[in-house]
Amino acid sequence: MNEPRECLEITRRFFEALDMIKAQKRIRGMQTFTREYGENYWNFHTCRKEGLRIKQEWLTYLVRDYDVSPLWLLTGQGGMFTKEITPLKKFKRASPNKS
């Protein structure tokens, strides 16, 4: 099937964002994502592997739950995230010896 170029670019950015979210350890993997939202893993995997058009609601999940920029997701403009994501190693932890 010949998908419009824009659809292919949105699909590419969607999976790029998911890879980044996984690298940040915010999700364990793609199966975690599909299980969380009740999606079929194999259909999801096929969309990625073959570059097929993704479901619109998948975009919503990234924007709503992972702070992915809708502008970036749809157009490629701006940054990937709407908020600065702090790496785990930079979280400030209270010392157990202080009251």
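The values are calculated or read from the model by the stated rules, or taken from the named source; none is laboratory data. Just so it is clear, the structure is predicted and the values come from calculations on it, not from any experiment. In this analysis, Cβ positions are derived from the backbone assuming ideal geometry, glycine residues included, and neighbour counts consider all displayed protein chains. Just the protein is used for accessible areas: all its heavy atoms, side chains included, with ligands, DNA and RNA removed. Shrake-Rupley method; radii C 1.70, N 1.55, O 1.52, S 1.80 Å.
Being at pLDDT 95 or above and over 16 Å from Arg13 (Cβ atoms) holds for only one residue in Thr34, Thr75, Thr60, Thr86, and it is Thr34. Glu16 passes every criterion in (1) modelled with pLDDT of 95 or more; (2) open to solvent by less than 70 Å² (accessible area, probe 1.4 Å) apart from (2). Each residue in the range 4-29 was checked for being within 20 Å of Pro70 (Cβ to Cβ) and either outside any helix (DSSP H, G or I) or in contact with a Ser or Thr (Cβ under 6 Å, 6 or more places away or on another chain) (or both), and 4 pass.
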